[in-house]
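The structure appears right after this line, and notes come after that.
The values are calculated or read from the model by the stated rules, or taken from the named source; none is laboratory data. Predicted model, so just to flag it, every value in this text is computed and none were measured. Cβ: placed from backbone, ideal geometry, glycine included. Neighbour counts: every protein chain shown.
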Amino acid sequence: MTEELSKLQAHTLLLEDRSRLKLSGVSDVDSFDETAVIAYTVQGELHIGGTQLRVISLNTQTGDLLMEGTVSSMVYLDNAPKKQSLLSRLLR
């Protein structure tokens with residue numbers, strides 16, 4: 001997670017009817033499939049579990065993430081430094 005993003009943006013989470021999730025303060029998405037999404041936020045690593053999960057949009061410039069599907073759990077892990085995603089490692 002970049003220090004610039006954490007200084008500029010707060011982290012918000014809005015879950016509408018357990019089917020639409022809007023997040024701000026997102027620096028990266030490490031992995032996602034239909035049952036789980038791992039997102040890095042300015043407040044730490046966030047694991048989102050559910051069914052039929054889809055990432056609709058991710059803008060790392062603004063830190064916004066929009067998802068749809070049935071959300072059954074959201075868990076924050078500690079605020080440890082972010083490991084690089086597979087895509088970030090491949091594009092080095």
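Sub-6 Å Cβ pairs linking a first residue in the stretch 25-46 that is within 15 Å of M67 (Cβ to Cβ) to a second residue that is in a strand (DSSP E or B) and aromatic (F, W, Y), at least 6 apart or interchain, are D28/Y40; L46/Y76, ordered by first then second residue.
Identify, please: which residue in the stretch 71-87 is at pLDDT 95 or above and surrounded by 13 or more Cβ atoms within 10 Å (Cβ to Cβ) and is, among those, farthest from G44 (Cα to Cα)? Among those residues, the one meeting the criterion is V71.
Considering the stretch 5-54 alone, what residues qualify as being surrounded by 13 or more Cβ atoms within 10 Å (Cβ to Cβ), hydrophobic (A, V, I, L, M, F, W, C) and outside any strand (DSSP E or B)? Hits for the stretch 5-54 are L5, V42.
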